[in-house]
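Student: Provided herewith is a single structure, encoded as structure tokens, for subsequent inquiry.
The values are calculated or read from the model by the stated rules, or taken from the named source; none is laboratory data. Keep in mind it's a predicted model, so treat the numbers as computed, not measured. Because the Cβ atoms are built from the backbone with ideal geometry, glycine has one as well, and the counts that use them run over all protein chains shown. Ligands, DNA and RNA are stripped out before the accessible areas are found, and what is left, the full protein with its side chains, is counted by its heavy atoms. Shrake-Rupley method; radii C 1.70, N 1.55, O 1.52, S 1.80 Å.
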Amino acid sequence: MKDGLKRGFVFYIFSAIFFAAQFVSYMVGSPMAENMDGLGWAFYLTAAVSHAAIFAAVPYLLFALTLAATKNEKIAGGVHVFFVTFINALLYVSGNIFALYRQHLNGMMLSLFFGEGGSEIFQFDGSIYARNFAAFAAMLIVNILAKIGTARLFGLRQRFYWVPALTVFLSTLLFSNATHAYAAVAQRQSVVKSAAYLPYYFPMTATRFMIRIGVVEQGDLLKVDFGQQSELQYPRNQIVTNIPDSLPNIIILAIDSWNYRTLNPDVMPNVSRFADSCELFTNHLSSSNGTRGSIFGMFYGASSYYWRDFDVSGTTPVLMDELQNAGYQIKAYASATLNNPNFNKLMFRKVPGIQTETEGDSVYKRDCRITEQFIDFADTVSNDNPFFAFIFYDLAHGMTYPKHLPQKYPTTWGHPEYMRLNNQMDPTPFWNLYLNCVSYVDSLVGMVLDELDKRNLLSNTYLIITGDHGQEFNENHKNYWGHGSNYTGPQIHVPLIVSRPQGSAATYSHRTTHYDISTTLLHDVLGVQNPTSDYSMGLPLADTTFRNWHIVGDNLNYAFIIDQNTIIEKKPSGMLDICDSTLNPLKNFKLNAVELNNAINRLNMFYKQ
């Protein structure tokens, strides 16, 4: 048996080389290849080798288990050859899918092919089937011959090369991950963007460590020459504007982790009273269930599916570019740091002197501080120079309620006690802690609104109040608490209040999304003449067109919200999960492949076709 394992190991080495060659073929001839430099190729080749070695370990493990169970090396060898060929075929298919959709083989892609209407999207003639069959047959023949050849090689040399193989694996693994960690902080596009070409590959990042050891300074992150944007096309056409003679001030006031049930006169009297005189959108969905994707979607009008590519290419939001072109004074008052997630580098990269940190040793103190800072700023503004301000409160997210403040909602919890949460517990203590925090944020927002009113700024200010995402308190009774864990209403449905100059009170129930916010500002306020599809996945808020197949999440884990909040989620593993609005599985759901294909094409709309 030992000799059998050794012979199998030599074939393992061959299969790893075969898989690595397939990975390299993904890059050769791709649009990315022309942007690769020496470091990029060194990373990609070593990453391909180490990643291929991991893939090849699976068939070898199955071979070893079969050999141990049957004591028959021919049967075990057949299993080894079969599964190596099977992975060869999957990698062949995955490479072709990636070239079309920039996604590797996953549950979403399988549904696209086999789902209802799939034959309308993929129409193959006999020659394509013949070519693919020939390719798979060739892989099988190569593997059979390799299995025979590696067995003879071991018979001649009596060596199975485990030391060189392990040395190559460890060295390529360490080199590729260390290179990616460096490239992620040094903005080496050829490395970071090429990593996406390897299926199910998750290389290391270590931004804080790289800054700590002096590889790059925090401030230098904003000074990197981002170079060519290669495959990106955002915006899709040059922006054409007709800037109005009179421009209003613009304020986006966001509350982190805002559960939509708290927008009522009892919990939030100030915001509720203000909402009564504004436009209220009652069916507004975030672009994600976490801060990174939701703020990204709000400013870019695009899914954070693009985060990595926009990051490494230095692509800034069209909204921020047009605000600067129109002469706006731009301010940011965020309780939490703007350096992690690095909104500073993405959204505010071109804005000089932006405030990235706020003083205060608690989220309560920082929320108070940004309120004071904005009020001080409001005292200095004039009607001659419009301003844009982003105010971002964090107490509803941090949920640490100061002991010296009175409790409007009695609770014994002063902070979240996550270890006590379960599906059977009464959520009241946790919910009341949250309500106290939200109620205090309401008092701070009330101070901002009072200052704007006192300074007579509301009449010339386009004010948007919303949450970045929601906060769940087991509303679905599936033991989900907080955010970032599913795409149901409690985690992505947030209030949206809009106060326009000379606007009037109105309530709208049509579905709107975070992508609509920057779209509306560009289209309605800043005079952008392009079709909204040139720069956004959204529509103007007033447009009642149904936002079907709304995309939420990021590049690893995203979902489409369709019809009446059915959720089609692509898991990080690539598997597809379909459920209703309360996370009940829809086992017999018929996925329309044509509609899915259109949604994926829309998801990729800012890549060059």
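Student: Name all residues of region 245-260 having a backbone nitrogen under 14 Å from the label point set 7 Å from the Cα of D524 along its Cα→Cβ direction, giving them as ranges.
Tutor: 248-252
Student: What size of dipole, in debye to the nearest 20, comes out for the chain about its Cα centre when the only charges are +1 on Lys and Arg C-beta atoms and -1 on Asp and Glu C-beta atoms?
Tutor: In debye, rounded to 20, the chain gives about 2920.
Student: Sticking with this structure for a sec: Using the Karplus curve 6.51 cos²θ - 1.76 cosθ + 1.60 with θ = phi - 60°, what ³J(HN,Hα) values do you get for each residue of region 414-423, in whole Hz, with x for Gly and Pro?
Tutor: Listing the rounded values in order: x, 7, x, 10, 4, 5, 8, 6, 7, 6 Hz.
Student: Using θ = phi - 60° and the Karplus relation 6.51 cos²θ - 1.76 cosθ + 1.60, list the HN-Hα couplings for region 238-249 in order, rounded to whole Hz, with x at every Gly or Pro.
Tutor: So the J values, rounded to whole Hz, are 4, 6, 10, 10, 10, 5, x, 5, 10, 10, x, 5.
Student: Right, next: Suppose each label sits 7 Å from its Cα in the direction of the beta carbon; what would the A186-K365 distance come out to in nanometres?
Tutor: Here the modelled spin labels are 3.8 nm apart.
Student: Sequence-distant or interchain residues sharing an amide H contact under 5 Å with T513, placed H: which?
Tutor: So T513 has HN proximity to L285.
Student: Shape verdict for region 142-196, please, from the Cα gyration tensor: rounded (a/c under 1.5), prolate (a/b greater than b/c) or oblate. Could the numbers behind the result be given before it?
Tutor: Details: a/c = 7.41, a/b = 2.49, b/c = 2.98.
Oblate, since a/c reaches 1.5 and b/c is not below a/b.
Student: For the chain, what is the mean residue ellipticity at 222 nm derived from helices alone (per DSSP H run of n ≥ 4: -39500 (n - 2.57); sum divided by total residues; nearest 500 deg cm²/dmol)?
Tutor: On the way: 20 runs with 271 residues, N = 609.
Value at 222 nm, helices only, nearest 500: -14000 deg cm²/dmol.
Student: Could I ask something else about it? With r as the distance between the Cβ atoms of A178 and I148 and R0 = 41 Å, compute the FRET efficiency 1/(1 + (r/R0)^6) and round to 0.05.
Tutor: Computed FRET efficiency for I148 and A178 comes out at 0.60.
Student: Quick one: which residues, 5+ away or cross-chain, put their amide H under 5 Å from the amide H of I250? H built at 1.01 Å from N.
Tutor: Those qualifying (amide H under 5 Å, at least 5 residues apart or on another chain) are F387, F388, A389, Y462.
Student: Then there's this: Nearest 0.05, what FRET efficiency do E357 and S443 give at R0 = 25 Å with Cβ-Cβ as r? It would help to have the intermediate numbers written out before the result.
Tutor: Working: r = 24 Å, r/R0 = 0.95.
That gives a FRET efficiency of 0.60.
Student: Just grab the label-to-label distance for D384 and M1, each label 7 Å out from Cα along the Cβ direction, in nm (one decimal).
Tutor: Taking the simple label geometry, D384 and M1 are separated by 8.9 nm.
Student: Multiply the residue gap between I54 and Q233 by 0.36 nm, knock off their C-alpha separation, and tell me the result in nm, one decimal place. Could you put the intermediate results ahead of the total?
Tutor: On the way: separation 179, 0.36 × 179 = 64.44 nm, distance 3.45 nm.
Full extension from I54 to Q233 adds 61.0 nm.
Student: Same structure, new question: Can you pull the accessible area of I354 for me, 1.4 Å probe, Å² to the nearest 10?
Tutor: 30 Å²
Student: Which distance in Å, rounded to a whole number, links the C-alpha centroids of region 342-359 and region 568-609?
Tutor: For region 342-359 versus region 568-609, the Cα centre distance is 34 Å.
Student: Which whole-number percent is the relative contact order of region 497-609 (Cα, under 8 Å, 6+ apart)?
Tutor: It rounds to 14 percent for region 497-609.
Student: Let me ask something additional. List every residue whose amide H lies under 5 Å from the amide H of H550, counting only residues 5 or more places away in sequence or on a different chain, with H placed 1.01 Å from N in the peptide plane.
Tutor: I561
Student: Between D450 and R159, what is the label-point separation in nm under the 7 Å Cα-to-beta-carbon projection?
Tutor: 8.3 nm
Student: Give me a comma-separated list of calculated 3J(HN,Hα) values for region 252-268, in order, Karplus coefficients 6.51, -1.76, 1.60 applied at θ = phi - 60°, integers in Hz, x for any Gly or Pro.
Tutor: Listing the rounded values in order: 10, 10, 10, 10, 5, 6, 9, 6, 4, 5, 7, 7, 8, x, 6, 7, 10 Hz.
Student: Give me the angle, in degrees from 0 to 90, between the Cα long axis of helix 162-186 and the longest principal axis of the Cα atoms of the chain, rounded to the nearest 10.
Tutor: Roughly 20 degrees, rounded to the nearest 10.
Student: Here's a follow-up. Report, in degrees rounded to the nearest 10, the 0 to 90 angle that the Cα long axis of helix 38-70 makes with the longest principal axis of the chain.
Tutor: 60 degrees
Student: Which whole-number percentage describes the relative contact order of the chain, with Cα contacts under 8 Å and a sequence gap of 6 or more?
Tutor: The normalised contact order for the chain reaches 20 percent.
Student: Same structure, new question: Suppose accessible area is computed on protein heavy atoms with a 1.4 Å probe; arrange V79, V271 from highest to lowest.
Tutor: Numbers: V79 35, V271 0 Å².
Descending accessible area places them as V79, V271.
Student: Here is a follow-up. Could you tell me the calculated FRET efficiency between Y129 and T544, based on Cβ-Cβ distance and R0 = 41 angstrom, to the nearest 0.05?
Tutor: Efficiency, rounded to the nearest 0.05: 0.35.
Student: Under 12 Å Cα to Cα from K350, which aspartates and glutamates show up? Leave out anything in the same chain fewer than 8 places away.
Tutor: Within the straight-line limit of under 12 Å, K350 reaches these aspartates and glutamates: D321, E322.
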